[in-house]
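The values are calculated or read from the model by the stated rules, or taken from the named source; none is laboratory data. Model, not experiment: these values are computed from the prediction. Every residue, glycine as well, gets a Cβ built from its backbone with ideal geometry; the counts of neighbours run over all protein chains shown. The accessibility values were calculated without ligands, DNA or RNA, using every heavy atom of the protein model including side chains. Shrake-Rupley method; radii C 1.70, N 1.55, O 1.52, S 1.80 Å.
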Amino acid sequence: MPKCEACGATFATTEELMRHNETHVTKAESFKCQACGATFGSQQLLEGHIKEAHPMAISR
Ligand SMILES: [Zn+2]
Ligand SMILES: [Zn+2]
């Protein structure tokens, strides 16, 4: 079953998944790193970036 790598949602067809992926692209601006201004397609990717690039920015 096609699965979205960004949010974990599953779809009946690959075509539906590709259509869904476009929503992540258009929403990329809403997942913006406050430390360096980089934007990401999902909260998951943003959190991964912060852990990799700005480990000191995580308070806990
Ligand atoms: Zn998704
Ligand atoms: Zn950053």
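Which FRET efficiency value, to the nearest 0.05, is calculated for K51 and F11 with the Förster distance at 25 angstrom and r the Cβ-Cβ distance?
Working: r = 28 Å, r/R0 = 1.11.
Plugging the Cβ-Cβ distance into 1/(1 + (r/R0)^6) gives 0.35.
Across the chain, C-alpha contacts under 8 Å between residues 6 or more apart give a mean separation that, scaled by the residue count, equals a relative contact order of 24 percent. Taking one quarter of the surface of the C-alpha convex hull of the stretch 14-57 gives a mean projected area of 3.1 nm². Between the helical axis of 14-26 and the longest alpha-carbon principal axis of the chain there is an angle of about 30 degrees.
Extending 7 Å from Cα along the Cβ direction at H20 and again at K32 yields two label points whose distance is 2.7 nm. May I ask you to give the percent of accessible area on the chain that is carbon plus sulfur, with a probe radius of 1.4 Å? Accessible surface attributable to carbon and sulfur in the chain totals 54 percent. The mean accessible area for residues of the chain, using a 1.4 Å probe and ignoring ligands and nucleic acids, is 77 Å² per residue.
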